[in-house]
Amino acid sequence: MWNWMMLGLESNRVIGLRIAKLMRGDKAAQREAQRMVSEKILAAAKAGTSLIAGASADEIVDQYRRKVAANAKRLSRIRTRRKRKSR
């Protein structure tokens, strides 16, 4: 039960971080939208494969939590603008 509750809380944080990024509407936002869709498709396929292989619901939630944690870490990093190389 704990894993399920934590997945809900952690997912909400990632949703907020993604919304903030998507609201900018720049190239990074477009890449994030594409990444989000492809991640969801891959996660669903992995969950289905794990279920067929006999994984428990808790094991599948653990898989999702690891992915959500990685997304939270990536999205919460402070990005600095790169300096352009002079030609």
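The values are calculated or read from the model by the stated rules, or taken from the named source; none is laboratory data. Note that the coordinates shown come from a computational prediction; the quantities given were computed from them, not determined experimentally. Don't worry about glycine lacking a Cβ; one is built from the backbone with ideal geometry, like all the others, and counts go over all protein chains shown. The area values use the complete protein model at the heavy-atom level, side chains included, leaving out ligands, DNA and RNA. Shrake-Rupley method; radii C 1.70, N 1.55, O 1.52, S 1.80 Å.
Quick notes on this structure:
- In region 57-74, the residues that are open to solvent by 50 Å² or more (accessible area, probe 1.4 Å) and not basic (Lys, Arg): 57, 58, 59, 62, 64, 69, 70
- Check on residue 17, under 13 Å from residue 72 (Cβ atoms), in a helix (DSSP H, G or I) and not polar (S, T, N, Q): yes
- The C-beta contact set for region 40-54 (first residue over 19 Å from residue 15 (Cβ atoms), second residue in a helix (DSSP H, G or I) and open to solvent by less than 90 Å² (accessible area, probe 1.4 Å), distance under 8 angstrom, 6+ apart or interchain) comprises 46/63; 50/60; 50/63; 51/60.
- Taking the criterion of being open to solvent by less than 50 Å² (accessible area, probe 1.4 Å) and of a type outside the set (Ser, Thr, Tyr), the residues of region 37-56 that qualify are 39, 43, 47, 48, 55.
- Index of the failed condition, residue 4 passing every other in (1) more than 29 Å from residue 58 (Cβ to Cβ); (2) over 12 Å from the mean Cα position of the chain (by Cα): (1)
- For residue 36, the test of being among the hydrophobic types (A, V, I, L, M, F, W, C), closer than 16 Å to residue 74 by Cβ and either part of a helix (DSSP H, G or I) or in contact with a Pro (Cβ under 6 Å, 6 or more places away or on another chain) (or both) is passed.
- Sub-9 Å Cβ pairs linking a first residue in region 21-32 that is without any contact (Cβ under 8 Å) to a residue 12 or more places away in the chain and of a type outside the set (Lys, Arg) to a second residue that is surrounded by fewer than 11 Cβ atoms within 10 Å (Cβ to Cβ) and part of a helix (DSSP H, G or I), at least 6 apart or interchain, are 29/23, ordered by first then second residue.
- When residues in region 18-36 are screened for being open to solvent by 50 Å² or more (accessible area, probe 1.4 Å) and more than 10 Å from the chain's Cα centre (by Cα), 11 of them pass.
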